[in-house]
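What follows is a set of notes on a single structure, which appears directly below.
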Amino acid sequence: MFFIAGETLYVYFLGTAGALPTPNRNPACVMMRRGADTLLFDCGEGAQQQMMRARTGFTVDAVFITHWHADHYLGVPGLIQTMSFMGRTEPLPIYGPRWVDGFVDSVIALGKKPPGFRLEPHVLNPGDMVPFDGYHVRAFAAQHGVPGLGYILEEDARPGRFNREEAIRLGVPEGRLFGKLQRGEDVTIEVDGTETVVQATQVVGPSRPGRKVVYTGDTRPNVRSWLGWGMDADLLIHDATFDDSEADRAPEVFHSTAGDAGMVAAQIDAARLALVHISSRYTNTATHIDDAKKHYAGTVLAPEDLDIIEIPFRS
């Protein structure tokens, strides 16, 4: 049985800088808001102010950290204190690679007293999935010189297209039975005094994939670790610390160039590519976009902080 998908999916770029903040870019922080759920992917310094500027509020259902470099987690202690001051009582799960338990212990120790809610650390390994209502988040391996993960948010499959005209031809009355068929349920109707079963497969086409967003965190191109899960992503958010003029340096520090990101986007047939983790040496991203477009024919974005992208449903 399927559940009809109608939830919105927004991506908030709260921090798009590299290791060092700039006057216009904060350290890494990406918020994904799917329906009523709010997930944070990394939480760099200044995340709270960015959340206020974006008017998202501080209701966060889970935090996913990609790796234990400070520019990706320094915003967590302050955010937890604010949540506690505001009276939060529900537990906050924090996911990440190994050492997440020690990180949570350190956050509690730093605050001198426990927050008013429970922090729940969860170690993830490549391939692990965290289920949510109607979607899941899957971890995959990053290549950054330290234990690191990227994440894929993927919705459950949607029902196929409902053939209203065929349902009417078969004698199904408009109304609640249409809804049951769309959810994959067979229905029983009476036609000329005879009970007849109309199967959902008679009026509903093949299932359609849900939406998918890939966030790599800091990494060298490492698509082989998640190719089977990340194909046809609606949005790929990829490390593009450097433009291609630094192609020799990028491997030394386990980062990617914009050209690398473009090649990955082309390989997975992504609908859109967003370049993030931009080094503080760059004052604009025009060259990054040009470098990515050399390898990828889709839409290339270099989001500014506080940019918001809505992920539409596929046709």
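Tabulated data
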{"item": "Qualifying residues in the stretch 143-163 (those that are closer than 16 Å to residue 99 by Cα and of a type in the set (A, V, I, L, M)) - the one surrounded by the most Cβ atoms within 10 Å (Cβ to Cβ)", "result": "149"}
{"item": "Helices (runs of 4 or more DSSP H) fully within the stretch 228-295 counting 3 or more residues that are of a type in the set (A, V, I, L, M, F, W, C), in the same structural domain as residue 27 (by TED's automatic domain parsing) and out of contact with any Asp or Glu (no Cβ under 6 Å at 6 or more places or on another chain)", "result": "258-268, 286-293"}
{"item": "Odd one out for residue 291, checked against (1) closer than 22 Å to residue 29 by Cα; (2) touching a strand residue (DSSP E or B) at 6+ places or on another chain (Cβ under 8 Å)", "result": "(1)"}
{"item": "The lone exception for residue 76 - which of (1) in a helix (DSSP H, G or I); (2) without any contact (Cβ under 8 Å) to a residue 12 or more places away in the chain it fails", "result": "(2)"}
{"item": "Count - residues of the stretch 100-140 that are in contact with a strand residue (DSSP E or B) (Cβ under 8 Å, 6 or more places away or on another chain) and in a loop (DSSP other than H, G, I, E, B)", "result": "9"}
{"item": "Residue ID - surrounded by the fewest Cβ atoms within 10 Å (Cβ to Cβ), chosen from residues in the stretch 181-198 that are in contact with a helix residue (DSSP H, G or I) (Cβ under 8 Å, 6 or more places away or on another chain) and farther than 30 Å from residue 130 by Cβ", "result": "186"}
{"item": "Matching residues in the stretch 56-73 - criterion: being of a type outside the set (Phe, Trp, Tyr) and either part of a loop (DSSP other than H, G, I, E, B) or not assigned by TED's automatic domain parsing to the domain that holds residue 239 (or both)", "result": "56, 57, 59, 60, 61, 65, 66, 69"}
{"item": "Which listed residue is more than 32 Å from the chain's Cα centre (by Cα) and small (Gly, Ala, Ser), from 179, 134, 171, 150", "result": "171"}
{"item": "Selection from the stretch 35-47 of residues that are at negative phi and either assigned to a loop (DSSP other than H, G, I, E, B) or buried (at least 24 other Cβ atoms within 10 Å of the Cβ) (or both)", "result": "36, 40, 41, 43, 44, 45, 47"}
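The values are calculated or read from the model by the stated rules, or taken from the named source; none is laboratory data. What you see is a predicted model, and the numbers here were worked out from it, not measured in a lab. With ideal geometry, Cβ positions are generated from the backbone for all residues, glycine too; neighbour counts draw on all protein chains shown.
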